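The next block holds one structure in the form of structure tokens; read it before the comments.
The values are calculated or read from the model by the stated rules, or taken from the named source; none is laboratory data. Quick caveat, the model's predicted, so the values are computed rather than measured. Please note: Cβ atoms are built from the backbone with ideal geometry, for glycine as well, and neighbour counts cover all protein chains shown. For the accessible areas, the whole protein counts, side chains as well, though only heavy atoms, and no ligand, DNA or RNA atoms are used. Shrake-Rupley method; radii C 1.70, N 1.55, O 1.52, S 1.80 Å.
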Amino acid sequence: MSADAALKTPLAFDPLKVRAEFPILAREVYGKPLVYLDNAASAQKPEAVLEALRRGYAEEYANVHRGLHFLSNRSTERYEAARASIARFLNAERAEEIIFTSGSTDALNLVASSWAEPRIKAGDEIVLTILEHHSNIVPWHYLRERHGAVLKWAPIHDDGSLDMEAFEKLLTDRTKLVAITHMSNALGTILPAKELIAMAHARGIPVLLDGSQGAVHLRPDVRDLDVDFYAITGHKLYGPSGIGALYAKREHLDAMRPYRGGGEMIREVTMETVTYADPPHRFEAGTPPIVQAIGLGAALDWMMALDWPAAQAHEADLIAYAHERFGQFNWLHPLGTTAEKGAILSFTMDGAHPHDISTFIDRQGVAVRAGHHCAQPLMDRYDVPATTRASFALYNTREDVDRLMDALLKCRELFA
């Protein structure tokens, strides 16, 4: 197949035009054109984000909210506009339902500390899935260690899809929270979130979705999902690192205790007492990552300007093509083959460790990730210590898949 034919997509979406907006993708690595397939770890940044960051520091920087001068007012406007962009992206009812965090990990810890911890007693249960990233496991282990919470794990089938019947059986009158991924970072499995949330809500159980991957590939609608909490992270959404957000229903935010103490999050402090600001500022102590927040807003504005159905069709074409190519070789073993999956492909290869594969194909200009992907319970489920993971973004093409396959064939020649 010619490169031109390979790059055709079902709808009017031009990945080459998108790709041209990412300057880093024009560089070479080890004398070869870069093929960047480590997007589940962190995506590259378009010019729109780079320019927002440059302008934020070079032309508009000052601390936000309390200043009365021009630059502080301008910086505050940009910062709060970014919050509004996140609300639009997630279809939240109000910008005040968006809390800036340092990323998904911080957002998940915020819910564990401010919402869950005061409500958890010994024997209370938190339902997870075996697909979770450690960021959505360890905060709940804290509650197990410190307060006797019981963690219950929903299993998956061999193809990586969730065992729905087993999940429903885990929901009991002791379940205080369902905390699950929207899309697996290791397999790409997309959970039927709306159905799972309805199951939990029918029993009065709130649901948290870890949207670290789901927000990148699925354009979540928190009101349609009726989800209670939704965590996102900026650097996977084509934005800066060090910034993310938590969406929470206002009723939960009003009932949650502060997360960290400091400036910005108070209404009044005396020598004897302290009263707290209303959400969202109650949960944003100290000087925030101002320019990073502005950069995240720029990234989401950039994503919202795309023809999203066409973009999703492009990603679906990429992962289908990758599985088709992998299916041609019996020494490659993809993990997670359910039809309901996003553009992530984890695999093992006969005769080579994932770290060796990653190192070898890096010299061919192909960047992938190897390891347990912060999902060790999932690796145990498949009885593997690690996998190699190729994860795709809007700027990837079928040609990138072909470059990956060419590199793996050379790797096979070395290790077979």
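Do you know which of the residues in region 159-168 that are open to solvent by less than 50 Å² (accessible area, probe 1.4 Å) and not in a helix (DSSP H, G or I) is nearest to T337 (Cα to Cα)? By that ranking, first place goes to G160. The C-beta contact set for region 349-371 (first residue at positive phi, second residue part of a strand (DSSP E or B) and open to solvent by 20 Å² or more (accessible area, probe 1.4 Å), distance under 6 angstrom, 6+ apart or interchain) comprises G365/V29; G365/K32; G365/P33. The strands (runs of 3 or more DSSP E) located wholly in region 169-254 that include 2 or more residues which are buried (at least 23 other Cβ atoms within 10 Å of the Cβ) and among the β-branched types (V, I, T) occupy 175-181, 229-233.
Assess whether L37 counts as being over 18 Å from I294 (Cβ atoms) and open to solvent by 20 Å² or more (accessible area, probe 1.4 Å). Considered against the rule, which asks whether it is over 18 Å from I294 (Cβ atoms) and open to solvent by 20 Å² or more (accessible area, probe 1.4 Å), L37 comes out as no. Of all the residues in region 345-380, those that are open to solvent by 20 Å² or more (accessible area, probe 1.4 Å), touching a strand residue (DSSP E or B) at 6+ places or on another chain (Cβ under 7 Å) and either of a type in the set (K, R) or within 26 Å of I24 (Cα to Cα) (or both) number 6.
T76 satisfies every condition listed in (1) open to solvent by 60 Å² or more (accessible area, probe 1.4 Å); (2) part of a helix (DSSP H, G or I) except (1).
Scan H314, H333, H323 and give me the residue that is surrounded by 23 or more Cβ atoms within 10 Å (Cβ to Cβ), farther than 21 Å from R83 by Cα and either at pLDDT below 95 or not hydrophobic (A, V, I, L, M, F, W, C) (or both). The unique qualifying residue is H314.
Selection of first residues in region 122-143 that are touching a residue at least 60 places away in the same chain (Cβ under 8 Å) and under 10 Å from A112 (Cα atoms) and of second residues that are open to solvent by 10 Å² or more (accessible area, probe 1.4 Å) and aromatic (F, W, Y), restricted to Cβ pairs under 6 Å at least 6 apart or on distinct chains, gives an empty result. From the set of residues in region 264-273 that are surrounded by 11 or more Cβ atoms within 10 Å (Cβ to Cβ) and without any contact (Cβ under 8 Å) to a residue 12 or more places away in the chain, which is farthest from I243 (Cα to Cα)? Within region 264-273, the match that is farthest from I243 (Cα to Cα) is V269.
Residues in region 42-73 that are open to solvent by 20 Å² or more (accessible area, probe 1.4 Å) and under 27 Å from R19 (Cα atoms): 12 in all. Residues that are open to solvent by 20 Å² or more (accessible area, probe 1.4 Å) and either closer than 14 Å to R83 by Cβ or of a type in the set (A, V, I, L, M, F, W, C) (or both) within region 283-297 comprise A285, P288, P289, Q292, I294, listed in sequence order.
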